């Protein structure tokens with residue numbers, strides 16, 4: 001009898017590690033993130049030259065593929081509270097929209113009253129989209145807060161478009177044209193840059209797998225100073241968290257925003273989709289995991305979101321052509 005009990009106990013305890021391992025494996029979900037490269041040489045990154053850590057644990061990359069034009073969605077969000085002097089930039093915005101690679105989807109919306117008013121849903125008809133661009137309303141504080149707008153938009157990211165009836169998930173990029181000031185933080189002091197609304201917007205964008213970039217531009221009631229530094233600091237915070245970029249830094253509006261749009265398209269053209277397995281067992285699909293990607297390629301800089309949601313897949317489907325940046329002029 002004792003021998004029988006010993007044998008049963010041995011079998012049970014021997015099977016326990018396998019059961020725990022199986023339970024852990026069930027929490028692994030295929031996960032993807034956007035990785036932007038900036039290389040001083042012509043060497044492209046590969047799976048073998050990249051090292052990934054997920055929650056400080058070395059994790060194998062299962063694939064690394066460049067984004068394709070038909071696998072990209074870009075949302076251009078314009079702050080409706082911008083000064084009407086932003087009208088001088090309408091031609092640059094029009095040129096940006098019509099210069100997008102064929103097959104890429106574009107949405108145009110205006111940030112107002114804490115939400116995004118979409119004037120052009122996602123479409124590949126860039127000429128038609130360009131015709132929906134209008135002057136901002138020019139009312140100070142019209143957006144309420146660009147971060148309220150951003151949070152609401154990424155939580156409700158539009159689904160299938162007429163050009164994408166299947167609703168397959170695509171790589172998501174946002175370009176915001178805004179002053180970045182959060183009027184609800186209670187202070188624009190550079191020493192008080194701890195806004196819960198900015199942090200929430202960055203978190204929501206990370207959960208949605210969206211890379212958020214921006215071009216700083218003053219609003220109708222804005223005259224620079226501390227508010228300029230505050231707004232740009234917040235925009236930089238969102239960009240760093242999501243793997244995006246703040247393209248204009250300084251207290252005055254740029255003469256032309258075309259160079260920033262060109263750089264934005266170039267950055268997308270050098271973006272890859274990295275796929276790996278992330279464990280969702282501990283917090284479920286709704287929690288985020290910390291990611292860190294390093295490269296052995298000399299002078300290769302990588303930019304990606306700081307945190308991703310397990311199972312947050314991007315579609316790598318597309319044409320044989322890689323997303324291309326703006327034509328050199």
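The values are calculated or read from the model by the stated rules, or taken from the named source; none is laboratory data. It should be emphasised that the depicted structure is a prediction, and the values quoted were computed from it without experimental measurement. We place every Cβ from the backbone using ideal geometry, glycine too, and count neighbours over all the protein chains shown.
For the structure I just gave you, tell me whether residue 229 is more than 23 Å from residue 77 (Cα to Cα), at pLDDT below 95 and either touching a strand residue (DSSP E or B) at 6+ places or on another chain (Cβ under 6 Å) or outside any loop (DSSP other than H, G, I, E, B) (or both).
Answer is no for this residue.
Among the numbered conditions (1) under 30 Å from residue 144 (Cα atoms); (2) touching a helix residue (DSSP H, G or I) at 6+ places or on another chain (Cβ under 9 Å); (3) part of a strand (DSSP E or B), tell me where residue 95 comes up short.
For residue 95, the failing item is (3).
Would you point out the residue of the stretch 206-226, among those that are in contact with a strand residue (DSSP E or B) (Cβ under 8 Å, 6 or more places away or on another chain) and assigned to a helix (DSSP H, G or I), that is modelled with the highest pLDDT?
206
Does residue 8 fit the bill of being closer than 25 Å to residue 291 by Cβ, at pLDDT below 50, over 24 Å from the mean Cα position of the chain (by Cα) and not in a strand (DSSP E or B)? Let's see the steps before the verdict.
Details: closer than 25 Å to residue 291 by Cβ: no; at pLDDT below 50: yes; over 24 Å from the mean Cα position of the chain (by Cα): yes; not in a strand (DSSP E or B): yes.
Criteria not met by residue 8.
crowded, with 23+ Cβ neighbours inside 10 Å, modelled with pLDDT of 95 or more and closer than 25 Å to residue 35 by Cα: is that true of residue 102 in this structure?
no
Could you give me the residue pairs with C-beta distances under 7 Å whose first residue belongs to the stretch 256-270 and is in contact (Cβ under 8 Å) with a residue 24 or more places away in the chain, whose second residue is surrounded by fewer than 22 Cβ atoms within 10 Å (Cβ to Cβ) and in a helix (DSSP H, G or I) wherever it lies, and which are 6+ apart or on separate chains?
So the pair list comes out as 256/92; 257/92; 258/92; 258/95; 261/92.
Does residue 203 satisfy being at pLDDT 95 or above and surrounded by fewer than 20 Cβ atoms within 10 Å (Cβ to Cβ)?
Criteria met by residue 203.
If residue 136 satisfies every condition in (1) assigned to a strand (DSSP E or B); (2) over 21 Å from residue 265 (Cβ atoms) but one, which is the exception?
Of (1) assigned to a strand (DSSP E or B); (2) over 21 Å from residue 265 (Cβ atoms), only one is false for residue 136: (1).
Can you tell me how many residues within the stretch 150-163 are crowded, with 19+ Cβ neighbours inside 10 Å and modelled with pLDDT under 95?
Counting residues in the stretch 150-163 that are crowded, with 19+ Cβ neighbours inside 10 Å and modelled with pLDDT under 95 gives 0.
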